[in-house]
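To start, the structure under review is shown below, and the notes come after it.
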Amino acid sequence: MSHSKIKYCPFCGAQISQNTMVKYCSLCGRRLLLNDNNSQESRYDEQMVLQDQLSQKQMVLSNDDHMEINIENYNRIKKEKFLQSKYYSIILKEATDKQGLVHKLEKVLLRGSFAIRLAVDNIPSIIIYKAKNQDILDFTKIFMEEQASVSVIAGDFNDRPTVEELFNVFEKLSVQTQKNIKNMPINLWLGDSIHGTFPHTYRDNKEGIMVITDKNIYFVPNHISTLTYRWFVRSYNLLSKIVMQDHYLELFYKNMKVTRIAFTDKQQLTDAYQSILHAVQIYKY
């Protein structure tokens, strides 16, 4: 008699023990009744719907709680999905080493050096437009090697969306958050599905917002000057894990670097963590 097809909790994403027919999630405490009849699969589908509904549910956490999201499974399955469309486009959101990225792209793109440099200098930009699916893995590998953050879009897409179309709860955001988002180029959000926006503190106690999507984590400051960054982006495929501890969210990079983001409100921290968890774990099913 088989136990369960559910390896991860459909409510919070935690791994489920496979040693009993009546299962409880050790993280969120949700009860999962399982059996071997045909209703098990339909019940699983219902729980998947509930996961979407509960992605922002509140969790009670103490100050010494340590929770971790592993990104490796997300990266593996995203690679598998790359060949499901005939062509893809790539939106370049950020590049740590622009010169190095230009040199590598010059070797693989069928366009002049000036056009490549122009696209890289004008981030965010549509740097690859409807490339064949067999080429997409080679292109994305270059962006990963150069620690560049991108969004990959399958097939056709609207390259001139409005902010309201991309942020479906835009009118419910605070005035400051709406202002921050509208101050950014629209291409910055192109190709992403928005999961949530949260206030945070980053770099020398600068305040801003964190925007969590299905492909990237964005950081936008409240106040922009010539001495500060306008935004920065971290794609999930550059990360190995994300840890929530105390009042911090820590991003661990594959190149061994670590970024720490502070939250003054613990519930906003846990909500942000849940949004990232939902964005990453949904690809496990």
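The values are calculated or read from the model by the stated rules, or taken from the named source; none is laboratory data. Computed from a predicted model, the values in this text were never measured in an experiment. Reconstructed Cβ throughout: ideal geometry from the backbone, glycine too, with neighbour counts over all protein chains shown.
A few notes on this one:
- Within segment 177-235, considering residues that are surrounded by fewer than 18 Cβ atoms within 10 Å (Cβ to Cβ) and of a type in the set (Asp, Glu), the one modelled with the lowest pLDDT: 204
For every residue, the table says whether it meets (1) farther than 30 Å from residue 99 by Cβ; (2) without any contact (Cβ under 8 Å) to a residue 60 or more places away in the chain; (3) basic (Lys, Arg); (4) assigned by TED's automatic domain parsing to the domain that holds residue 241.
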site: 147; (1), (2), (3), (4): no, no, no, no
site: 171; (1), (2), (3), (4): yes, yes, no, yes
site: 187; (1), (2), (3), (4): no, no, no, yes
site: 195; (1), (2), (3), (4): yes, no, no, yes
site: 198; (1), (2), (3), (4): yes, no, no, yes
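- Residues located in segment 105-145, provided they are out of contact with any helix residue (DSSP H, G or I) (no Cβ under 8 Å at 6 or more places or on another chain) and either in the same structural domain as residue 184 (by TED's automatic domain parsing) or more than 15 Å from residue 93 (Cα to Cα) (or both): 107, 110, 111, 112, 114, 115, 130, 132, 135, 138, 141
- A single member of 259, 264 is on the phi < 0 side of the Ramachandran plot, among the β-branched types (Val, Ile, Thr), in contact with an Asp or Glu (Cβ under 8 Å, 6 or more places away or on another chain) and modelled with pLDDT under 90, and it is 259.
Conditions tested, residue by residue: (1) closer than 26 Å to residue 125 by Cα; (2) in a strand (DSSP E or B); (3) not assigned by TED's automatic domain parsing to the domain that holds residue 124.
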position: 237; (1), (2), (3): yes, no, yes
position: 242; (1), (2), (3): no, yes, yes
position: 250; (1), (2), (3): no, yes, yes
position: 261; (1), (2), (3): no, yes, yes
position: 268; (1), (2), (3): no, no, yes
position: 273; (1), (2), (3): no, no, yes
position: 276; (1), (2), (3): yes, no, yes
position: 280; (1), (2), (3): yes, no, yes
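- Number of the exception - residue 181 against (1) in contact with a Ser or Thr (Cβ under 9 Å, 6 or more places away or on another chain); (2) in contact (Cβ under 8 Å) with a residue 60 or more places away in the chain; (3) part of a helix (DSSP H, G or I): (2)
- Top-ranked residue of segment 236-255 - restricted to ones that are among the aliphatic types (A, V, I, L, M) and surrounded by 20 or more Cβ atoms within 10 Å (Cβ to Cβ), ranked as nearest to residue 150 (Cα to Cα): 238
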